[in-house]
Amino acid sequence: MFQLPDNELIIALRHILGDAHVLTSDLEPYGSDYTEDFYFPPAIVVVPADALQISEVLALCNSRNIPVYTRGAGTGLSGGALPVLPGVVLLTKRLNRILQIDLDNFQAIVEPGVINEDFRNAVEELGLFYPPDPASKGSCSLGGNIAHGSGGPKAVKYGTTRDYVLNLEVVLPDGNIIWTGANTVKNSTGLNLTQLMVGSEGLLGVVTKIVFRLIAKPKFDQLFLIPFAEAEDAAKTVNEVLLSGVTPSSLELMESSGVDISSKATQTPFPMRKDATFYMLLELDGDDAAKLFEDAERLLPVLEKCGALDVLHADSADLKEQWWKVRRSIGETVKSASVYKEEDTVVPRAALPELLKAVKEIGTRYGFDSVCYGHAGDGNLHVNILKNNLSDEAWQQDVPKGIREIFEVCKRLGGTISGEHGVGLVQAEYLDIVFSESHMKLMRGIKNTFDPKKILNPGKWL
Ligand code: 2HG
Ligand code: ZN
């Protein structure tokens, strides 16, 4: 049903974009993202300048049944941007402007190619705050954050990307350009197409402008590191902290094995202890410096009761930076240590102890190691399953069975199979665990309405 890109298409694309922005050689970098070791050779890569050019490109590809794969910074972890069929990879990197920061309305209008951290820094200079802070914030694009509904450590207090999106300019596969919402913090007019676009993984349209709401920047933050001897104690503490009435701005868990790999690989000092199996990273923020320490005092008995071996306070910017660097580098460094499969499990946070126990029990039964870490306050546990010295046969046959069992536990506990990394390519085979046929039928119907020729991101899960 899809046509292969041909010379005629290349000429037509060059006519729209100019020769320099239609690439037909040295395309390798655009055939992978941060997901395992997948590579799919792109046929053509285009680098449009604006929504109008994207509209013309989509209308052209739609009329010729040519697949289009939208790509931000390529830092995705579920293969969402991989060009699995021969088609056009559409880069958003030239749409990289912060168009407006509106101090009156606490809003900003940005293009999808802006890097998350560049935007966060720009608004913070003006005393405002855009909380969503994926571990890859220094390299991921805001468009990619929209495509996956990305989260990050701050989500436990401030929410995720979708909580800050007010309105989106979207180019549809037929070339039509729409705005999905309004630049208002309240909107109950019609079905919420804005929220439908967030997490749609490039399957429904190409986002070309984003209207974000912003909040005031908290003046102070304090960071604490709490080692635990028992994994179960660490996992149990998460909900005890939140039930205490103190809402941390970050509440992360890190398995010692991951901390060890990360601190060594990045040569970052870290107060490892031989008797610790897990570490909790707990951040408090607010405008009253003294209250942060009062809240910390309130937490001490809770942490002690839950088996904390110690409570360390980062009393310098350097220590804060070191502890966060170790946390933020775990994903990348663990992945480079072994062939791996990444599971982005998420459950109601009080079920975290049961999930963690199940992950380790299933790993023992199937003979695979795992490194667990993530946004414990959201009930979101990243499970990096490592091949290490497992046979290829076990890796291909048994591990997927183990992954299925892990996801079945998530479902049983009221959770699902991705908290923030999306379904993309790698989780597609497990969707039957969480979606009934009626659910799939509804989503297929939505896909058909937006993209009847299915040219956007084909070969994935929808
Ligand atoms: C994190 O929380 C990110 O570290 C990346 O979601 C996770 O790379 C990973 O596994
Ligand atoms: Zn994460």
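Under 21 Å from residue 354 (Cβ atoms), part of a strand (DSSP E or B), of a type outside the set (Val, Ile, Thr) and not assigned by TED's automatic domain parsing to the domain that holds residue 398 - does that describe any residue in region 279-298?
Within region 279-298 (the criterion being under 21 Å from residue 354 (Cβ atoms), part of a strand (DSSP E or B), of a type outside the set (Val, Ile, Thr) and not assigned by TED's automatic domain parsing to the domain that holds residue 398), the answer is yes, since at least one residue qualifies.
What about residue 362, is it of a type in the set (A, V, I, L, M), buried (at least 21 other Cβ atoms within 10 Å of the Cβ) and more than 17 Å from residue 232 (Cα to Cα)?
no
Name the one entry in 399, 383, 371, 423 that is without any contact (Cβ under 8 Å) to a residue 60 or more places away in the chain and buried (at least 24 other Cβ atoms within 10 Å of the Cβ).
On inspection, the qualifying residue turns out to be 383.
Looking at region 411-418, can you tell me whether even one residue there is under 13 Å from residue 77 (Cα atoms), buried (at least 22 other Cβ atoms within 10 Å of the Cβ) and either aliphatic (A, V, I, L, M) or not assigned by TED's automatic domain parsing to the domain that holds residue 172 (or both)?
yes
Go over the candidates 408, 361, 354, 321 one by one and state the one that is outside the structural domain of residue 238 (by TED's automatic domain parsing) and under 23 Å from the mean Cα position of the chain (by Cα).
408
Go through region 353-374 and count every residue that is among the aromatic types (Phe, Trp, Tyr) and more than 16 Å from ligand 2 (Cβ to nearest atom).
2
Any chance you could count how many residues in region 121-146 are more than 16 Å from ligand 1 (Cβ to nearest atom) and either farther than 14 Å from residue 160 by Cβ or not assigned by TED's automatic domain parsing to the domain that holds residue 200 (or both)?
The qualifying residues number 10.
Please enumerate the residues belonging to region 222-262 that are away from ligand 2 (no atom under 16 Å from the Cβ), assigned to a helix (DSSP H, G or I) and within 15 Å of residue 350 (Cα to Cα).
Correct list: 231, 232, 233, 234, 235, 236, 237, 239, 240, 241, 242, 243.
Across region 326-353, what is the total count of residues that are away from ligand 1 (no atom under 12 Å from the Cβ), over 17 Å from residue 38 (Cα atoms) and not β-branched (Val, Ile, Thr)?
Qualifying residue count, region 326-353: 6.
In the list 318, 285, which residue meets the criterion of being under 20 Å from residue 135 (Cα atoms), more than 16 Å from ligand 2 (Cβ to nearest atom) and in contact with a Leu (Cβ under 9 Å, 6 or more places away or on another chain)?
Going through 318, 285 in turn, the sole match is 285.
Residues are listed down the side, and each one gets a yes or a no for (1) closer than 18 Å to residue 35 by Cβ; (2) surrounded by 24 or more Cβ atoms within 10 Å (Cβ to Cβ):
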{"site": "55", "(1), (2)": "no, no"}
{"site": "60", "(1), (2)": "no, no"}
{"site": "63", "(1), (2)": "no, no"}
{"site": "68", "(1), (2)": "no, yes"}
{"site": "76", "(1), (2)": "yes, yes"}
{"site": "80", "(1), (2)": "yes, yes"}
{"site": "84", "(1), (2)": "yes, no"}
{"site": "88", "(1), (2)": "no, yes"}
{"site": "93", "(1), (2)": "no, no"}
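Which of the residues belonging to region 44-75 are in a helix (DSSP H, G or I) and polar (S, T, N, Q)?
53, 55, 62, 63
When you scan region 115-164, how many residues do you find that are assigned to a loop (DSSP other than H, G, I, E, B), away from ligand 2 (no atom under 16 Å from the Cβ) and buried (at least 23 other Cβ atoms within 10 Å of the Cβ)?
Qualifying residue count for the region: 1.
The values are calculated or read from the model by the stated rules, or taken from the named source; none is laboratory data. The structure displayed is predicted, hence computed values, not measured ones. Every residue, glycine as well, gets a Cβ built from its backbone with ideal geometry; the counts of neighbours run over all protein chains shown.
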